[in-house]
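Down below is the structure, laid out as structure tokens.
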Amino acid sequence: MEQQWVLPDTEDEDSAGFWEHTARHELVVEGCEDCDQLVWPPRPMCPNCRSTRRRWVPVAGTGTVWSFVVPHPPLLPAFAELAPYNVVVVALDEDPGLRMVGNLVASDDGEINEIDPHSIEVGEPVSVVFHQIEDVTLPRWVRA
């Protein structure tokens with residue numbers, strides 16, 4: 001059976017620029033044009049100064065595992081056969097308050113369930129890799 005992924009809307013007004021960058025294997029976050037606050041996830045207004053002027057700011061793509069979960073069935077049908085798998089929350093090095101969600105994998109084309117979840121440690125360093133599924137390039141994480 002072919003995997004049917006639940007994928008993000010890459011044409012969403014607030015996040016389309018993010019997905020354009022990931023397609024080029026670049027990790028970015030929003031930056032406020034008025035107060036220079038870095039913002040994640042993307043939103044129409046800066047939570048610091050309420051400006052609607054924003055830009056995409058490249059980040060290094062490194063961070064640490066801030067938290068993680070291991071989902072078990074029952075799950076969305078698209079993920080049931082892969083369970084158990086990990087979902088990590090990564091605090092970015094540029095600002096630990098910026099946290100991205102993804103999977104910890106062994107390589108950019110690895111399966112989301114290939115890492116033994118018992119081996120994951122909060123605080124371990126990770127770096128971003130990119131994996132294309134259909135027409136979406138997803139950021140994922142490998143041990144640094």
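Values quoted throughout were computed directly from the atomic coordinates according to the rules given, and no laboratory measurement underlies them. Since this is a predicted model, take the numbers as computed values, not measurements. With ideal geometry, Cβ positions are generated from the backbone for all residues, glycine too; neighbour counts draw on all protein chains shown.
What to note about this one:
- Residue in region 28-41 that is under 14 Å from Val57 (Cβ atoms), of a type in the set (A, V, I, L, M) and assigned to a loop (DSSP other than H, G, I, E, B) present: no
- Only one of Leu7, Leu76 that is loosely packed, with under 12 Cβ neighbours inside 10 Å and among the hydrophobic types (A, V, I, L, M, F, W, C): Leu76
- Considering residues of region 110-143 that are more than 17 Å from His25 (Cβ to Cβ) and among the hydrophobic types (A, V, I, L, M, F, W, C) only, the residue surrounded by the most Cβ atoms within 10 Å (Cβ to Cβ): Ile115
- The single condition among (1) over 18 Å from Pro96 (Cα atoms); (2) assigned to a loop (DSSP other than H, G, I, E, B); (3) touching a residue at least 24 places away in the same chain (Cβ under 8 Å); (4) not basic (Lys, Arg) that Met45 does not meet is (3).
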